[in-house]
Amino acid sequence: MTQTAKRSTADGIAAPLRHALFRRIWLASLLSNLGLMINGVGAAWAMTQMTSSADKVALVQTALMLPIMIVAMPAGAIADMYDRRKVALASLTLSLTGSTTLATLAHLGLVGPNVLLAFCFIVGTGMALFGPAWQASVSEQVPAETLPAAVALNGISYNIARSFGPAVGGIVVATAGAVAAFAANAVLYLPLLVVLLLWRRVSEPPRLPPERLNRAIVSGVRYITNSPPIRIVLTRTLVTGIAGSPVLALMPLVARDLLHKGAETYGLLLGAFGIGAVIGALNVTLARRRLSSEGAIRMCTLVMGAAMAALSISTTTILTAAALVIAGAVWMLAIALFNIGVQLSAPRWVAGRSLAAFQAAIAGGIAIGSWGFGHVADTVGVETTMLIAAGVMFASPLLALALPMPPVGTRIEDADLLDDPEVKLLLSPRSGPLVIEIDYRVDSDQARSFHNVMQEVQLSRQRNGAYGWSIARDIADPELWTERYHCPTWHDYLHQRNRATQADRALYRRANDFHRGPGPVRVRRLLERPFGSVRWKEESPDRAAAEVLPVQNVSVGGSGT
């Protein structure tokens, strides 16, 4: 088989389904997504029956999506720190509890607009906690070469459910009421819970104890802010989510006010959007082969804007449904490309937090846009609001002037763990701050080139956990340069030095290549003793031995420091 044929086989959309674990989880998630769609139809239509306010109707989408924005980073940190299978099980249990309670209260006639929004928020919170653990675990279920296809398949799962779930939900709501929709959602969570319970996840025990939750969140935020590719993708995702939110948030009003139809038509429209989304997901691989990242996103946003404009002027169900098929296709294609961009740009240690940030960006965009465009619709009407949103979507490619989409290649490879340095000082995990100083001797005619490389080193060190990074040149010895940064504790330093990817290590070797001796690059690791510190005295050997971790205060060479 040729290399091209092998690549085609690996990239094929069905390739991940050859792996039994992924196949079982995918099928079960399809059912849970179906229940979620039925629940969404029930909640949105129940709200239209309780109030005529466009603001309240749009807030259903906000209640479902806002939790993803609020708890995304804690959820991602938890997914990176603990067993992702157990995190997913706990999250699904929360959503199941919320759905079951909502169905019970609705059956008793105790659900008003605020209660409905509150339980939509609870269900959304469970799914917000579930998302990063689920998505980050995909790389454990399939080989790396099929990961993009697996990401697309997960999008297809959601949108197959969107294709049929709303139509089923519309029928359920029309024939049995919202209570049946809420109950169906609760029941359809059960297969995924069972599959995850049966998954015997094999995970390597971490070499170091997990970070505290607050430190893990800070580490994730620092990685993202110091990673230009991820930062750009998240910004573009947020803007696309805001501009496209009226299609999802105002669709009940499109059915009721523009087409003058009922719940069945609303379900049909959601189904049309979902069918389009499946079409878009099926063509992710084709789009990645034929278009650049920026070209594909530009095409998606322009076509989406045209479809939204068509929605605003359509008065027939057929034309509206056709516009929604197109909108769904390009919406899903754009979201899948954003998702793949994040997944392939994040190393394993921060994968959950990066995907959580992606979820926060898209959910936050939809939540903010739903709230804002809901207010606009109350003032100027649904038709004009959709035209305004179409204009925003048309203008969004202008972001490429300042934030062009980064090229997406293969997944970032983690580097091998470094051996722990030896120590002659007794340290506990909380000992610190640790100051790291690295001396380079660089020819004067290479100074500018070296400095440029060190700007890249700065981003690498900072996204992996370094603080206060600086590069200084000795005024008495211009060939001597000193890189300096610190980590809050010894534990933080051990994490920081082992987070480097293969690309990071290659970058450090580029910096080391400028060094001209004599001898290798010199690394000093210093335990700072701040004035007034209560920990300045040496600990007793008996007490320190229980929690000692190795360090050395002077070393030479080594690209990982």
Among helices (runs of 4 or more DSSP H) entirely within segment 193-304, at least 1 residues that are surrounded by fewer than 23 Cβ atoms within 10 Å (Cβ to Cβ) and at pLDDT 90 or above occur in 213-225, 228-249
inquiry  = Just to be sure before I move on: is TRP371 of a type outside the set (Ser, Thr, Tyr) and touching a helix residue (DSSP H, G or I) at 6+ places or on another chain (Cβ under 6 Å) in the structure I sent?
reply    = yes
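Each row is one residue, and each column tells you yes or no for (1) closer than 24 Å to ARG505 by Cβ; (2) surrounded by 17 or more Cβ atoms within 10 Å (Cβ to Cβ).
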site	(1), (2)
SER428	no, yes
ILE438	yes, yes
VAL442	yes, yes
GLN446	yes, no
GLY468	yes, no
ASP474	no, no
Of (1) in contact with a Leu (Cβ under 8 Å, 6 or more places away or on another chain); (2) in a loop (DSSP other than H, G, I, E, B); (3) more than 29 Å from LEU147 (Cα to Cα), ILE13 satisfies every one except (3)
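Against the condition of a type in the set (Asp, Glu), outside the structural domain of THR240 (by TED's automatic domain parsing), more than 30 Å from the chain's Cα centre (by Cα) and modelled with pLDDT of 85 or more, how does ASP445 come out, does it pass?
Details: of a type in the set (Asp, Glu): yes; outside the structural domain of THR240 (by TED's automatic domain parsing): yes; more than 30 Å from the chain's Cα centre (by Cα): yes; modelled with pLDDT of 85 or more: yes.
So ASP445 passes the test.
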Output for Cβ contacts, cut-off 6 Å, separation at least six or different chains, first residue within 19 Å of VAL138 (Cα to Cα) in segment 331-344, second of a type in the set (S, T, N, Q) and crowded, with 24+ Cβ neighbours inside 10 Å, reads MET332/ASN159; PHE338/THR237; VAL342/SER354
Every listed condition ((1) at negative phi; (2) touching an Asp or Glu at 6+ places or on another chain (Cβ under 8 Å)) holds for GLY465 save (1)
Taking first residues from segment 83-110 that are under 19 Å from LEU188 (Cα atoms) and second residues anywhere that are of a type in the set (Asp, Glu) and in a helix (DSSP H, G or I), the pairs with Cβ under 8 Å that are 6 or more apart or on different chains are none
Scanning segment 480-532 for residues that are among the acidic types (Asp, Glu) and touching a residue at least 24 places away in the same chain (Cβ under 8 Å) gives GLU483, ASP492, ASP504, GLU528
Subset of segment 112-147, residues at pLDDT 85 or above and either among the aromatic types (Phe, Trp, Tyr) or not assigned by TED's automatic domain parsing to the domain that holds ARG348 (or both), comes to PHE119, PHE121, PHE130
Filtering segment 85-119 for residues that are farther than 19 Å from ALA183 by Cβ and buried (at least 22 other Cβ atoms within 10 Å of the Cβ) leaves a count of 3
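Out of all the residues in segment 431-479, which are in contact (Cβ under 8 Å) with a residue 40 or more places away in the chain and of a type in the set (Asp, Glu)? Break it down into steps so the answer makes sense when it comes.
Narrowing segment 431-479 to residues in contact (Cβ under 8 Å) with a residue 40 or more places away in the chain: 431-443, 446, 449-450, 453-454, 456-457, 459-460, 462-465.
GLU437, ASP439, ASP443, GLU456, listed by residue number.
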Considering residues that are touching a Phe, Trp or Tyr at 6+ places or on another chain (Cβ under 6 Å) and hydroxyl-bearing (Ser, Thr, Tyr), the number found within segment 221-244 is 1
Flagged pairs (Cβ under 7 angstrom, 6 or more apart or on separate chains; first in segment 232-254, closer than 12 Å to MET393 by Cβ; second hydroxyl-bearing (Ser, Thr, Tyr) and assigned to a helix (DSSP H, G or I)) are VAL239/SER396; THR240/THR301; THR240/SER396; ALA243/SER396; SER245/SER370; PRO246/THR385
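The values are calculated or read from the model by the stated rules, or taken from the named source; none is laboratory data. Since the structure is predicted, the reported quantities are computational estimates derived from the model, not experimental observations. In this analysis, Cβ positions are derived from the backbone assuming ideal geometry, glycine residues included, and neighbour counts consider all displayed protein chains.
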